[in-house]
Every structure is written in structure tokens, then in C-alpha cells.
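Written below as C-alpha cells is the structure these notes are about.
We did not get these values from a lab; they are worked out from the coordinates using the rules stated. Keep in mind the model is a prediction, meaning the values are calculated, not measured. All Cβ positions, even for glycine, are placed from backbone atoms using ideal geometry, and neighbour counts span all protein chains on display.
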Amino acid sequence: MDNQPKRYDDFVAVGTNKIHRTALIAEDVELGENNIIGAFTVIGGYGGMLGDFSAKGKVVIGDNNIIHNHVEIKGPYRTAITRIGNNNLIMDYVNVGHDCVVEDHCVIASGSRVAGCCHIESWASLGLNAVIHQRIRIGHTSMVGMGSIVMANAEPEYVYVGQPARKKKKNVKGIARRDQQS
């Protein structure tokens, strides 16, 4: 029936990508291959800066990413590109700010917020509702725990937890996952 609400599995094939009918993707977005983009996701466009409502470049999304429902990936403001690499999992209600780089094989759990100009290196994981302050680098294979607030750069291969987040221990499970899948 035409008056039925759209379902969360109402996808359209665009090349090799599956994009939900309710997703909004700006003209300045370059999509790779085999991505899945969920319902009510917004990619590209205004980067959230005061006084200037224009994007300065484009959003580039690599291959084999799963971007769940209600995700927002902002267009760049300070640089030419907001970049999402390959083989990432970005869960529901995540916000990736302007000018960010998310490399490859990252997991960003539901409700996480990544402020502008951050760099998330390959194999990093952000736990449920993690918050990353602007201009922060999350090192490769590091893990930010659920509800943590990261105010300083995170070294590679460590687990960070707390508010503010502090280095707790070596990320043994993350290292094993990376080494097994590499």
C-alpha cells in the first residue's frame, strides 16, 4: 500500500552500492564500491562552522563500508576532503565532523561523536557513545571505551577509558583481530 511508512530495508542499488531511499547524499560526495548506507543518513554538505554555510571540498568514501541509520558525515570546511576509507563499520546515530579522516577497518559504535579535523587511524574502535574532541588523532588499533571522552591524542594499540579518557592497557584483542584479518 502506498500510504505505508518506508521500511528500514528499502534500499536502492546505485552501481554496486546499496543506499536507503531516505539517505541524503550531497553532490560533492564520491562513493567507492560495495557500500551500504542506511536510513536517514546524511553525507556531505554543510560542515557545522559558525557564519559560513558552505562546504569547501568533498566527502570521499572508499569501498566496502557499512554506514548504518541516522549517521551524519559532514563536508569539509578547512581542508579539501572529509574521508572515510575502506571496510569500516559506522553504526547508528554516529556523527563524523568536518575535515575528518577515518582510515580503514575502523568500528565506530552507535552514538559516537567525532568532532571536526579528527583522524581515526586504521583498525581503531570507538565504543558506544564515545566522544572525540576536535583535532584529535586516535592511533591505529586503539580502542576508546564506551562513554569515554577523548581530549588528547590516543597512542596506537592501547585501550582508553573514562572522562576524560586515560590510557588503561595494551589493546590485545584489537591487535589479535587486526593480525588475524590482515
(message) Using Stokes-Einstein with the Kirkwood hydrodynamic radius over Cα pairs, what translational diffusion coefficient do you get for region 45-177 at 25 °C and a viscosity of 0.890 mPa s, in µm²/s rounded to a whole number?
(response) 171 µm²/s
(message) Over the chain, with a Gaussian network built from C-alpha contacts below 10 Å, which listed residue (22, 141, 82) shows the highest mean-square fluctuation?
(response) 22
(message) Charges on Cβ only, +1 for Lys and Arg, -1 for Asp and Glu, centred on the Cα centroid of the chain; of 86, 144, 182, which one is farthest towards the dipole's positive end?
(response) 144
(request) May I ask for the net charge around residue 118, where only other residues with Cβ less than 13 Å from the Cβ of residue 118 are counted and Lys, Arg are +1 while Asp, Glu are -1? (result) +3
(message) For a quick check, take a GNM of the chain with Cα springs below 10 Å and name the residue from 95, 69, 153 with the largest mean-square fluctuation.
(response) 153
(request) Rounded to the nearest 0.05, what FRET efficiency do residue 26 and residue 133 give with R0 = 30 Å and r taken as the Cβ-Cβ distance? Could you check? (result) 0.70
(message) Explain nothing, just the number: dipole magnitude of the chain about its Cα centre with +1 on each Lys and Arg Cβ and -1 on each Asp and Glu Cβ, in debye rounded to the nearest 20.
(response) 760 debye
(message) Please compute the length gained on full extension between residue 80 and residue 18, using 0.36 nm multiplied by the number of residues separating them and subtracting their Cα-Cα distance.
(response) 19.7 nm
(request) Give the percent of DSSP beta bridges with both residues in the chain that are antiparallel, rounded to the nearest 5. (result) 20 percent
(request) Find the lysine pairs in the chain meeting two conditions, Cα atoms under 24 Å apart and a separation of 8 or more places or different chains, and report how many there are. (result) 5
(message) Please give me the summed charge of the neighbours of residue 78: other residues whose Cβ is under 9 Å from its Cβ, Lys and Arg +1, Asp and Glu -1.
(response) 0
(request) Report, to the nearest 10°, how far helix 172-181 tilts away from the longest principal axis of the Cα atoms in the chain, using its own Cα long axis and a range of 0 to 90°. (result) 50 degrees
(request) Could you tell me which of 37, 97, 62 has its Cα farthest along the dipole of the chain towards the positive end, charges placed at Cβ (Lys, Arg +1; Asp, Glu -1), taken about the Cα centre? (result) 97
